[in-house]
Every structure is written in structure tokens, then in C-alpha cells.
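S.K.: Provided herewith is a single structure, encoded as C-alpha cells, for subsequent inquiry.
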Amino acid sequence: IERNPARFMLRELDDPSGRDTTGLRLRRAAAEVASFVGADADGFCFVDNVTTGANAVLRSFPLEPGDKIAVTSLGYGAVTYAAQYAARRAGAEVRTIELPGPGAPAEQFVDAIERGLGERTRLLVCDHITSHTALVLPLAEIAAVARARGTAVLADGAHVPGNIALDVPSLGVDWYAANLHKWALAPRSSGFLWVAEQRRETTAPLIT
């Protein structure tokens, strides 16, 4: 980059015009990491960290007054605060679903989520591996329950890549945000956001 900044930034790293999306360093790297987590490169982008990815989703999501966002009692603080901010701006509400503690069977987590989703719950924010207690939540089952209620799912997978096997699309979530600087041992700060195909037209980056 220091030898020739313009060549690196405008022709090798990325194409600001959007015309060339193949062969660029950024997209080649994205394709490699997408393959690592079982995702398609078209729905995959790099973000600074999970909080950045979650904010992009929450700020893009079309909330209306009276809508609800569900978070859990095991959620990460920064992501919960972002949900509260997005809700407050839209006149919506955030509801915290109390989840069981360590040792509870998987079905109790799913049941708690199902009971906590109301008819105006538009979005559920749920960890895959919880930050404070390191519980692996049954995310695919939770997402299935949410989908049956018409609730979109944003998964916080901060501690997942490199920790447990990951096949993002198989989980059935709408968005999956994760960090790569934890168990995948990438340089800080680096993460990704994967967006399901039906959500790609309406999900925008924080910085345009």
C-alpha cells in the first residue's frame, strides 16, 4: 500500500465503482473465510467486529412504533444496547427473554424463546455461544421457532469461528455476525457479517 496507494486501494484491494467484483484481494479473502464457515461469498462481508455487524443490521431493520425486538438475558451488552437504541429511535420496544442457566437441557432454551416471542416481535437477537457463560445455544432450533412466528433472527456468533464447527446457512438465521480475532486467531479487530439472500437488498452498511 505504501509503494503505490492508489493502485492498491483502487485496483487491487477493491473497486469503488462496483464494476469489478472478481479477483480483488478483499473479495478473494472473503471467499476464503466464507468457505471456512460454510457460507456463500455473495452474502458475506467483513466488519470490524460483531458489534459493528449487529449495528448495521439493527439500523437497517424497518421497525415501526409498537414493534418489539427480543434479546436474551445472556446477550452481550454492546449488542443489547444497540438494539435498545434502534428500538428507541423507531418508537419500538426491547423485551429481554430470561434464559435458563448452565446445565439446563437444550429444549428449555428453545421453550423460553418461544414463550417470549409475541405477535409484534419483529426481530430476535440471540447468541450462538454466550459470552459470559460459554453456553452453546441450540440456535437452529431457536431460529426455527422464531421463523414459525414470523420473527427474523440476528445471531451473535462472536465466539464461534474456530471454536466449534460452523455451517452458517444451515442454522436458518437471517443474519450471522461473528468475530475472527478470537478463536480463529485473526488479527484484531476483524469479523464478518453473513446475510441471508432474502435480506440482502434491505441490509446496508453503517458507513455508506
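The values are calculated or read from the model by the stated rules, or taken from the named source; none is laboratory data. Model, not experiment: these values are computed from the prediction. Because the Cβ atoms are built from the backbone with ideal geometry, glycine has one as well, and the counts that use them run over all protein chains shown. Calculation scope for accessible area: heavy atoms of the full protein, side chains included, ligands and nucleic acids excluded. Shrake-Rupley method; radii C 1.70, N 1.55, O 1.52, S 1.80 Å.
S.K.: Do you know the relative contact order of the stretch 1-111, to the nearest whole percent, from alpha carbon pairs under 8 angstrom that are 6+ apart?
M.R.: The normalised contact order for the stretch 1-111 reaches 17 percent.
S.K.: Please give me, ordered by residue number, the GluC sites (Glu not before Pro) of the stretch 1-59 that lie in loop per DSSP and have at most 11 other Cβ atoms within 10 Å.
M.R.: Sites meeting the loop and neighbour criteria: GLU2.
S.K.: Hey, any idea what the orientation-averaged projected area of the convex hull of the stretch 36-109's Cα atoms comes to, in nm²?
M.R.: The Cα convex hull of the stretch 36-109, projected and averaged over all directions, gives 6.8 nm².
S.K.: Using the Cα centre of the chain as the reference point, and only Cβ charges (+1 on K/R, -1 on D/E), how large is the resulting charge dipole? Debye, rounded to the nearest 20.
M.R.: 540
S.K.: OK, next. Find the accessible area per residue for the stretch 1-49; the probe is 1.4 Å, ligands and nucleic acids are left out, and the unit is Å².
M.R.: Roughly 70 Å² per residue, with all protein chains present.
S.K.: Quick one: compute the contact order of the chain, relative version, from alpha carbon pairs under 8 angstrom and 6+ residues apart, as a percent.
M.R.: It rounds to 23 percent for the chain.
S.K.: Expressed as a whole percentage, what fraction of the accessible surface of the stretch 137-177 belongs to carbon and sulfur atoms when a 1.4 Å probe is rolled over the protein heavy atoms?
M.R.: Answer for the stretch 137-177 is 52 percent, counting heavy atoms of protein chains only.
S.K.: If r is the Cβ-Cβ distance from GLU2 to ASP48 and R0 is 25 Å, what FRET efficiency results, to the nearest 0.05? Walk me through the intermediate numbers first.
M.R.: Working: r = 22 Å, r/R0 = 0.89.
Approximately 0.65, to the nearest 0.05.
S.K.: In the Gaussian network model of the chain, springs joining C-alpha atoms below 10 Å, which of ALA78, ALA158, ALA104 carries the largest mean-square fluctuation?
M.R.: Among ALA78, ALA158, ALA104, the largest GNM mean-square fluctuation belongs to ALA104.
S.K.: Here is a further query. Give me the distance between the Cα centres of the stretch 120-194 and the stretch 23-81, rounded to whole Å.
M.R.: Measuring centre to centre over Cα atoms gives 9 Å.
S.K.: Under the definition of Cα pairs under 8 Å and six or more residues apart, what whole-number percent is the relative contact order of the stretch 142-196?
M.R.: The normalised contact order for the stretch 142-196 reaches 32 percent.
S.K.: Same structure again: When the scattering of the stretch 68-154 is computed by the Debye formula from its Cα atoms alone, each counted once and equally, what is log10 I(q)/I(0) at q = 0.27 Å⁻¹?
M.R.: -1.48
S.K.: Separate question: Where is the GNM fluctuation largest for the chain (alpha-carbon springs, 10 angstrom cutoff): LEU74, LEU166, LEU24?
M.R.: Checking each option, the largest mean-square fluctuation is seen for LEU24.
S.K.: I've got another one for you. Which whole-number value in Å³ per residue fits the convex hull of the alpha carbons of the stretch 105-165?
M.R.: That works out to 84 Å³ per residue.
S.K.: Which value results for Rg/Rh of the chain when Rg is the Cα radius of gyration and Rh the Kirkwood radius based on the inverse mean 1/r? List each step's numbers first, then the result.
M.R.: Numbers: Rg = 17.6 Å, Rh = 17.7 Å.
My calculation of the ratio gives 0.99.
S.K.: Give me the extension gain from HIS132 to TYR85: residue separation times 0.36 nm, minus the current Cα-Cα distance, reported in nm with one decimal. All intermediate terms of the calculation are to be shown ahead of the outcome.
M.R.: Working: separation 47, 0.36 × 47 = 16.92 nm, distance 2.23 nm.
Length gained between HIS132 and TYR85: 14.7 nm.
S.K.: Modelling each spin label as a point 7 Å along the Cα-to-Cβ direction, I'd like the THR202/ARG11 distance in nm, to one decimal.
M.R.: For the pair THR202/ARG11, the computed spacing is 4.1 nm.
S.K.: Residue separation times 0.36 nm, minus the C-alpha to C-alpha distance between LEU26 and ASP111: what's the value?
M.R.: Once the chain is fully extended between LEU26 and ASP111, it gains 26.5 nm.
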